[in-house]
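To start, the structure itself, in structure tokens.
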Ligand SMILES: [Zn+2]
């Protein structure tokens with residue numbers, strides 16, 4: 001089955017992953033009508049910038065994202081549905097790039113970006129960062145310089161919390177990727193010879209940036225960060241986090257959004273008061289997806305500011321975690 005679903009096998013000595021990704025996208029747009037429809041829908045998507053206090057976000061009205069934004073991700077619903085990332089359940093014409101015999105890089109049929117991939121593990125194993133962070137960093141490196149990679153925790157944005165997957169998009173398509181290199185925002189919190197930890201000032205949400213040229217040291221640091229966070233919250237479960245990673249000029253840059261909840265209260269309101277925003281890495285990064293036109297028209301700075309504050313871990317708790325590192 002996996003063989004049938006393999007468009008190409010990535011070999012770091014023979015080919016470039018961004019190049020293969022572009023070829024896959026071209027081929028899939030030709031052969032898989034659902035994907036072609038998804039990209040037509042993205043072409044019709046409207047954008048609007050909203051200036052908030054200290055930062056701005058870009059709204060994207062994208063009706064095709066309704067399925068994902070309204071997805072039921074509770075345990076019972078997940079158990080009852082057929083997993084859409086398992087190889088045997090992929091649409092007939094969908095194919096992907098086999099990566100290190102572990103992941104299939106697939107085109108996302110409801111794209112937010114002009115090139116949007118889902119990187120899905122070939123086995124049905126749970127979404128977890130701790131055990132996959134090495135692969136995540138490898139992918140960031142191999143997808144560079146054209147693409148970035150991101151991860152949504154099982155309880156804060158992953159639409160398949162039971163099946164390990166990442167997503168990939170063009171580099172700098174998410175505003176935080178650009179904002180986090182702005183010297184006026186960057187504040188170094190901790191620095192060792194191999195890893196630097198920074199925060200971004202005046203950003204309206206908790207965000208941490210970890211930079212390193214040493215993959216092993218970076219993996220170890222991220223593991224320690226998650227462990228310290230679990231200790232602070234007294235839980236064994238993975239804390240809620242969205243992560244975006246880029247690799248440029250031999251430096252990995254990992255952007256972490258520590259979360260306190262998945263969906264904001266306005267998501268659960270009735271009628272006109274409801275605003276269907278289901279924030280995950282892309283939204284927390286400043287590209288906020290509104291599948292409903294009414295929401296796209298009415299959302300103003302205050303709504304975004306409140307939402308970010310509501311779903312982010314408090315600065316106080318973030319500081320506690322850093323102190324425990
Ligand atoms: Zn699965």
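The values are calculated or read from the model by the stated rules, or taken from the named source; none is laboratory data. Please read these numbers as outputs of a predicted model, since none were measured by experiment. A quick note on method: Cβ atoms are made from the backbone with ideal geometry, for glycine too, and the neighbour counts reach across all protein chains shown.
Things worth noting here:
- Selected residue (criterion: farthest from the ligand (Cβ to nearest atom)) from residues of region 127-143 that are assigned to a loop (DSSP other than H, G, I, E, B) and within 26 Å of residue 65 (Cβ to Cβ): 129
- Scanning region 71-82 for residues that are surrounded by fewer than 13 Cβ atoms within 10 Å (Cβ to Cβ) and under 13 Å from residue 278 (Cα atoms) gives a single hit, 72.
- Any chance residue 15 is more than 16 Å from the ligand (Cβ to nearest atom), in a loop (DSSP other than H, G, I, E, B) and without any contact (Cβ under 8 Å) to a residue 60 or more places away in the chain: yes
- Number of residues in region 65-86 that are touching a strand residue (DSSP E or B) at 6+ places or on another chain (Cβ under 6 Å) and within 14 Å of the ligand (Cβ to nearest atom) equals 1.
- Positions within region 144-168 being assigned to a strand (DSSP E or B) and within 9 Å of the chain's Cα centre (by Cα), in sequence order: 149, 150, 151, 152, 166, 167, 168
Okay, residues lined up against (1) within 16 Å of the ligand (Cβ to nearest atom); (2) at pLDDT below 95; (3) crowded, with 19+ Cβ neighbours inside 10 Å:
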position: 118; (1), (2), (3): yes, no, yes
position: 125; (1), (2), (3): yes, no, no
position: 150; (1), (2), (3): no, no, yes
position: 153; (1), (2), (3): no, no, yes
position: 172; (1), (2), (3): no, no, no
position: 181; (1), (2), (3): no, no, no
position: 188; (1), (2), (3): no, no, no
position: 198; (1), (2), (3): no, no, yes
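- Among the residues making up region 159-170, a single one is away from the ligand (no atom under 16 Å from the Cβ) and surrounded by fewer than 19 Cβ atoms within 10 Å (Cβ to Cβ): 170.
- Residue identified as in a loop (DSSP other than H, G, I, E, B) and either under 29 Å from residue 115 (Cβ atoms) or in contact with a strand residue (DSSP E or B) (Cβ under 6 Å, 6 or more places away or on another chain) (or both) among 184, 205: 205
- Any hit, region 108-120, residues being within 19 Å of residue 42 (Cβ to Cβ), part of a helix (DSSP H, G or I) and under 16 Å from the mean Cα position of the chain (by Cα): no
- Cβ pairs under 7 Å, 6+ apart, first in region 81-102 and part of a helix (DSSP H, G or I), second near the ligand (Cβ under 10 Å from one of its atoms): 87/122; 89/82; 89/83
- When each of 37, 49, 26 is tested for being assigned to a helix (DSSP H, G or I) and closer than 30 Å to residue 293 by Cβ, the lone residue that passes is 37.
- So residue 305, is it outside any strand (DSSP E or B) and surrounded by fewer than 17 Cβ atoms within 10 Å (Cβ to Cβ): no
- Region 218-291 holds strands (runs of 3 or more DSSP E) entirely within its bounds, and those carrying 1 or more residues that are out of contact with any strand residue (DSSP E or B) (no Cβ under 9 Å at 6 or more places or on another chain) map to 241-248.
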